[in-house]
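A.B. asks: Right, I'll just put the structure down here and ask away after.
Nothing in this text is a laboratory measurement; each read-out follows from the coordinates by a stated rule. All values reported here derive from a predicted model rather than from experimental measurement. Here Cβ is always computed from backbone atoms with ideal geometry, including for glycine, and neighbour counts include all displayed protein chains.
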Amino acid sequence: MQISTTANPRPVDDTRLAEILANPGFGQHFTDHMLTVEWTPQEGWHAARIEPYGPLTLDPATAVLHYAQETFEGMKAYRHADGSIWTFRPEQNAARMVRSSQRLAFPELPVDDFVACVDALVEADQRWVPGSEGEKSLYLRPFMFASEVFLGVRPAQHVTFMVIASPAGAYFKGGVKPVNLWLSESFTRAGRGGMGAAKTGGNYAASLAAQREAIEQGCDQVVFLDDQEFRYIEELGGMNLFFVHADGRVVTPETGTILEGITRASIIELAGKLGHAVEERKFSIDEWRDGVASGEITEVFACGTAAVVTPVGELRSPEGVTPAPSSTELTMQIREALVGMQFGRAEDTFGWMHRVV
Ligand SMILES: *Cc1c(COP(=O)(O)O)cnc(C)c1O
């Protein structure tokens, strides 16, 4: 894929950039450039370009605004102590975007082109990748949307793929702290045959009313159950779950309606290598409650690119409170193993890191 570049004539100056990188927050500041690729049935993927970051002008009849044909990815670029810049398993994000595209009737962007696009933007905006101290990174957001101007319902005949980037601070400021969860008994995020396994904005729209309920109940995040029996754990709004047992077994809900996290997949491999038996299967809410009560479950943690790994504290629901499990030992060991690899402090024994600069 040929990518043309138009440099931003007015990039953020060094003083302002240093201020932003000192305290980037999340998703508030965007880099000097953005990458765009267009697709039509006649031309395929074409017009790949890096341009100055700025607003899009969209016709009010642009399809995505009406029928939500959109997919996205979330990944990070990490700076190592020697100044080099790396991403974590980017081909996995690319492959997942292909699967999301298939579900949403989009054209497929080839894995190599996806990775080349992300690499090109990171390289163009490399001064925006924070130093490795304090777990800061450059958050990358590839996304695809139906840019055709047409109010009919059909797979879009004009699709736009973009990558934008935003510096991100450490997810936990002042140390890792367990998240308390609210069990939603009125909402599900996905159903059999639905879009649960696709990374699409619609799933997030579907999670917001439940997330609001969680906040009203004094919790940080919501846990969704399956849509058939309201009994089996699915995941959080944007993170997968793991249950650590006293005998070392690690259980995580099976795929199907959940989003197949790359952090989840990596932890399954890592935990196996650390000598833990890993089970992917249905896991019921009763198993969670009873397991914590009996001491059989010693740790619960959630995982995703943004937080990497976060311990789960209490589980609250109208039926009452399940207390925090007793330990966070394996949770923190897995967290440190992943973060260490990502920031180049630990050996990349799996070959998961991809050098960009
Ligand atoms: C992105 C996402 C995750 C986490 O996936 P990672 O690849 O680990 O970042 C989990 N659940 C949902 C619903 C997501 O959208």
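A.B. asks: Within the chain, which whole H helices from DSSP have a Cα span along their axis of at least 15 Å and a mean Kyte-Doolittle hydropathy of 0.5 or more, if any?
C.D. replies: On the way: long enough: 90-103 (20 Å, -1.50); 111-124 (20 Å, 1.24); 201-216 (23 Å, -0.26); 262-273 (17 Å, 0.59); 329-342 (20 Å, 0.16).
Flagged H segments are 111-124, 262-273.
A.B. asks: For the chain, the longest stretch holding no GluC sites (Glu not before Pro) located in a DSSP loop with at most 11 other Cβ atoms within 10 Å is which?
C.D. replies: After excluding every exposed loop site, the longest remaining stretch is 44-228.
A.B. asks: A further question follows. I want the antiparallel fraction of DSSP beta bridges within region 179-342, as a percent rounded to 5.
C.D. replies: Details: 18 of 28 bridges.
Bridges in region 179-342 that DSSP calls antiparallel: roughly 65 percent.
A.B. asks: Could you work out which residue, out of Thr188, Thr87, Thr200, moves most in a Gaussian network model of the chain, that is, has the largest mean-square fluctuation with Cα springs under 10 Å?
C.D. replies: Highest fluctuation of the listed residues: Thr188.
A.B. asks: Further question on the same structure: Projected onto the charge dipole of region 268-355 (+1 at Lys/Arg Cβ, -1 at Asp/Glu Cβ, origin at the Cα centre), which of Pro311, Met341, Thr298 gives the Cα projection farthest towards the positive end?
C.D. replies: Met341
A.B. asks: Can you give the FRET efficiency to the nearest 0.05 for Glu43 and Arg103, using r as the Cβ-Cβ distance and R₀ = 35 Å?
C.D. replies: Values: r = 24 Å, r/R0 = 0.68.
The calculated FRET efficiency here is 0.90.
A.B. asks: Evaluate the charge dipole of region 179-342 about its Cα centre and quote only its size in Debye, nearest 20, assuming +1 on the Cβ of each Lys and Arg and -1 on the Cβ of each Asp and Glu. Numbers along the way, then the final one.
C.D. replies: Details: 13 positive and 24 negative charges, 90 e Å.
Rounded to the nearest 20 debye, it is 440 debye.
A.B. asks: Then there is this: Just how far, in whole angstrom, is region 282-339 from region 82-141 if you go by their alpha carbon centroids?
C.D. replies: 29 Å
A.B. asks: Here is a follow-up. Given springs between every Cα pair under 10 Å in a Gaussian network model of the chain, which of Ala156, Ala146, Ala18 has the largest fluctuation?
C.D. replies: Ala18
A.B. asks: Here's a follow-up. Could you tell me the number of lysine pairs in the chain with C-alpha atoms less than 20 Å from each other, where the two lysines are 8 or more residues apart or belong to different chains?
C.D. replies: Values: Lys76/Lys136; Lys76/Lys173; Lys76/Lys199; Lys136/Lys173; Lys136/Lys177.
Eligible lysine pairs with Cα atoms under 20 Å apart amount to 5.
A.B. asks: Here's a follow-up. Looking at Pro325, Gly237, Phe224, which one has the Cα that reaches farthest to the positive end of the dipole of region 179-342 (charges on Cβ: Lys, Arg +1; Asp, Glu -1)?
C.D. replies: Result: Gly237.
A.B. asks: Just Ser266, Ser186, Ser294 to compare: in a GNM of the chain, with alpha carbon springs under 10 Å, which one fluctuates most?
C.D. replies: Maximum among the listed residues: Ser294.
A.B. asks: Could you run the Karplus curve 6.51 cos²θ - 1.76 cosθ + 1.60 with θ = phi - 60° over region 314-326 and give me ³J(HN,Hα) per residue in whole Hz, x for Gly and Pro?
C.D. replies: Going residue by residue, I get 6, 10, 10, 7, x, 7, x, 10, 9, x, 4, x, 6 Hz, with x marking Gly and Pro.
A.B. asks: Turning to a different aspect of this structure: Per DSSP helix of 4 or more residues, -39500 (n - 2.57); summed, then divided by the residues of the chain. What does that give at 222 nm, rounded to the nearest 500?
C.D. replies: Numbers: 8 runs with 93 residues, N = 357.
Computed mean residue ellipticity for the chain: -8000 deg cm²/dmol.
A.B. asks: Separate question: Find the relative contact order for region 235-357 and round it to a whole percent, using C-alpha pairs within less than 8 Å whose residues are 6+ positions apart. Let's see the in-between values first.
C.D. replies: Working: 174 pairs, mean separation 28.7, N = 123.
After rounding, I find 23 percent.
A.B. asks: Take every Cα pair under 8 Å in region 4-168 that's 6+ residues apart, average their separations, divide by the length, and report that relative contact order as a whole percent.
C.D. replies: Rounded, it is 33 percent for region 4-168.
A.B. asks: Same structure, new question: For region 225-308, run through the chymotrypsin sites (Phe, Trp or Tyr not before Pro) and keep only the ones in DSSP coil with at most 15 other Cβ atoms within 10 Å of their Cβ.
C.D. replies: Values: sites: Phe230, Tyr232, Phe242, Phe243, Phe283, Trp288, Phe301; in loops: Phe230, Phe283.
Answer by residue number: Phe230.
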